[in-house]
Amino acid sequence: MLIITCLLLLVVYIITMGSIDWYLFKRIDEIGYFITCSFIIFAGIVSALINFYQRARRDTMQLYAQLMQSHERLQDYALKTEEWAATRERVRIAREIHDTVGHKLTALLVQMQAARKLSSLDPLRSEQTYLECEDLIRSSLQEVRLSVRAIRDEPVKSTSLNDSLGKLTKEFTKFAEVQTSFEVNGITVPLPGDLQLTAYRIVQESLTNAHKHGHAKNAKILLTYSESNFSLCIRNDGEVPADLKPGFGLINLQERVKEWNGQVHFNMDQQEGFAVEVQFPYPLTEMERVNH
């Protein structure tokens with residue numbers, strides 16, 4: 001617009017002044033016209049520069065305002081991320097304590113009750129039960145140490161899921177006095193340590209609930225490996241609730257399954273008892289992630 005205005009002004013000036021000079025003096029003052037036209041062009045250039053500066057300043061202020069808004073959003077996001085990470089860590093710690101120490105203390109309570117009842121009837125057996133309680137306490141302390149190591153990201157030696165569940169079955173049968181069996185179907189597939197720990201905690205929580213809430217006498221753990229996933233079924237013959245209201249333990253169990261894109265179902269049958277059925281897809285390997 002400035003260029004068009006300058007050109008129009010030049011044309012109007014030349015035509016108007018040229019007509020007047022020719023009409024009055026029968027000649028044209030080329031030097032005067034050159035000076036005046038140069039001034040008009042100079043004024044147009046200055047106006048264009050001023051306009052460009054104003055536009056640049058306005059754009060700069062807009063960009064600065066957008067940058068400040070982005071900075072504030074980033075600060076808010078950083079604070080929310082920090083709060084979310086802290087909350088997630090608190091939940092993880094609470095879940096670890098609940099699933100590990102809670103399981104051991106449940107078994108310890110059973111043994112302490114048995115020892116108290118046997119103290120007057122069979123002192124030798126009562127003493128043996130107290131010794132087993134000491135073993136449980138040591139095991140609980142070891143679980144706490146393992147949880148602390150996990151929080152501090154220290155490496156923890158792990159065994160296979162089959163061995164861990166086999167050991168858990170024997171401990172639960174011995175200390176909780178719930179006859180527990182363990183069965184494996186399919187060809188064993190190596191699993192990441194974190195996924196093994198998740199599966200172990202799920203079985204642990206399911207058995208604890210079977211004894212604590214269902215007062216079960218028998219329990220069965222079935223681990224099945226297939227081509228694309230593996231599943232766990234923990235069934236017990238305890239009391240079946242009329243209306244299942246998940247507490248802290250079952251909510252943690254559902255969250256653990258969700259973290260690995262798995263599925264969980266709770267089956268309640270008055271004849272067959274209560275069952276927790278969990279299915280996990282095998283995690284992708286690094287090569288499979290690249291191909292995807």
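Just so you know, all these numbers are worked out from the coordinates, no wet-lab data involved. Since the model is a prediction, treat every value here as computed from it, not as a measurement. Ideal geometry is used to build each Cβ from the backbone, glycine not excepted, and the neighbour counts take in all protein chains shown.
P(r) tail for the stretch 159-292: Cα pairs beyond 21 Å make up 40% of the total. Dipole orientation for the stretch 2-75: of the candidates Leu7, Ser19, Leu49, Leu49 has the Cα lying most toward the positive pole (charges on Cβ; Lys, Arg +1; Asp, Glu -1). Here the stretch 159-292 is treated with +1 on each Lys and Arg Cβ and -1 on each Asp and Glu Cβ, and its dipole about the Cα centre works out to around 300 debye. When the listed pairs Lys80/Lys245; Lys80/Lys258; Lys174/Lys258; Lys117/Lys217; Lys167/Lys258 are checked against a 28 Å cut-off, the alpha-carbon distance exceeds it for Lys80/Lys245; Lys174/Lys258. Per-residue Cβ neighbour counts within 10 Å put Met268, Met68, Met112 in the sequence Met68, Met268, Met112, beginning with the fewest. When you filter the trypsin sites (Lys or Arg not before Pro) in the stretch 154-256 for DSSP loop state and at most 10 other Cβ atoms inside 10 Å of their Cβ, you are left with Lys157. By the count of neighbouring beta-carbon atoms within 10 Å, fewest first, Val276, Val184 end up ordered Val184, Val276. Shown is the FRET efficiency for Glu259 and Glu177, computed with R0 = 30 Å from the Cβ-Cβ distance and rounded to the nearest 0.05: 0.40.
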